[in-house]
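Structure first, then comments.
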Ligand code: SF4
Ligand code: SF4
């Protein structure tokens, strides 16, 4: 996995123009069965992936925290919401709450998440490759293929299947 993660940013950069073109086209002409195709590709790719061997998303990019996330996690940590925000979060350029630093503070050396059961929705759903209306998150996916090996492979498969 280390070698794959080391090479991933370069491989994603090489595919950047092709991926941009593909997602621009996809937005204009959305295949009827896209949701089914994405579920199939996502399940096939993730069935052999052990995220505990990777944790690259937790190490290199943080989730955004919704109000519901903040409420749930601060209760779990027995902190007041404002205390949780002041300790762990900052507001980014899009006005969203994000982590003050990456790798994520809640990630252990063993790659386990210490708040796994109550982790942010964005963490649960990353890399969003089984999301409905997947064509709407082309920009995000182009970024995620440089972080997440399965996301990279899923997009390669998509291009083969959709053309
Ligand atoms: S979701 Fe992707 S980047 Fe995150 S741990 Fe799993 S394989 Fe790695
Ligand atoms: S909250 Fe947990 S799953 Fe989310 S980035 Fe941090 S360690 Fe990873």
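So what's the angle, to the nearest 10 degrees on a 0 to 90 scale, between helix 2-28 and the longest Cα principal axis of the chain?
The angle comes out at about 60 degrees.
With the crude spin-label approximation of a point 7 Å out along Cα→Cβ, what separation in nm comes out for residue 125 versus residue 68?
0.9
Angle between the Cα long axis of helix 67-76 and the longest principal axis of the chain, 0 to 90 degrees, nearest 10?
Its long axis makes an angle of about 50 degrees.
Under 1.5 on a/c is rounded, so check that first for region 64-118, then, if it is not, pick prolate when a/b is larger than b/c and oblate when it is not; a ≥ b ≥ c are the square roots of the alpha carbon gyration tensor eigenvalues.
Oblate, because a/c is 1.5 or more while a/b does not exceed b/c.
Ratio of Rg to Rh for the chain, alpha carbon only, Kirkwood?
Using only Cα positions, Rg/Rh for the chain is 0.99.
Would you order 125, 156, 45 from fewest to most other beta-carbon atoms within 10 Å of each residue's own beta-carbon?
Placing the least packed residue first, the sequence is 125, 156, 45.
Mean residue ellipticity at 222 nm from the helices of the chain, using -39,500 (n - 2.57) per DSSP H segment of n ≥ 4 over the full residue count, to the nearest 500 deg cm²/dmol?
Estimated from H runs of four or more residues: -16500 deg cm²/dmol.
Give me the angle, in degrees from 0 to 90, between the Cα long axis of helix 34-46 and the longest principal axis of the Cα atoms of the chain, rounded to the nearest 10.
70
I need 46, 134, 126 ordered by Cβ neighbour count within 10 Å, fewest first.
46, 126, 134
Once you keep just the Cα pairs under 8 angstrom separated by 6 or more residues, what percentage relative contact order results for the chain?
Over the chain, the number comes to 38 percent.
Once each part is reduced to its C-alpha centroid, what is the distance from region 118-160 to region 1-79 in angstrom?
For region 118-160 versus region 1-79, the Cα centre distance is 3 Å.
Sort 129, 141, 87 so the one with the fewest other Cβ atoms within 10 Å of its own Cβ comes first.
On the way: 129 26, 141 23, 87 12.
The most exposed by this proxy come first: 87, 141, 129.
Would you mind computing, in nm to one decimal, how far apart the modelled labels at residue 102 and residue 139 are, each placed 7 Å from Cα along Cα→Cβ?
About 1.7 nm separates the two model spin labels.
No value in this document is a laboratory result; all are computed from the given coordinates. Because the structure is a prediction, the values reported are computed rather than measured. Methodologically, a virtual Cβ is constructed for each residue, glycine included, from the backbone with ideal geometry; neighbour enumeration extends over all protein chains shown.
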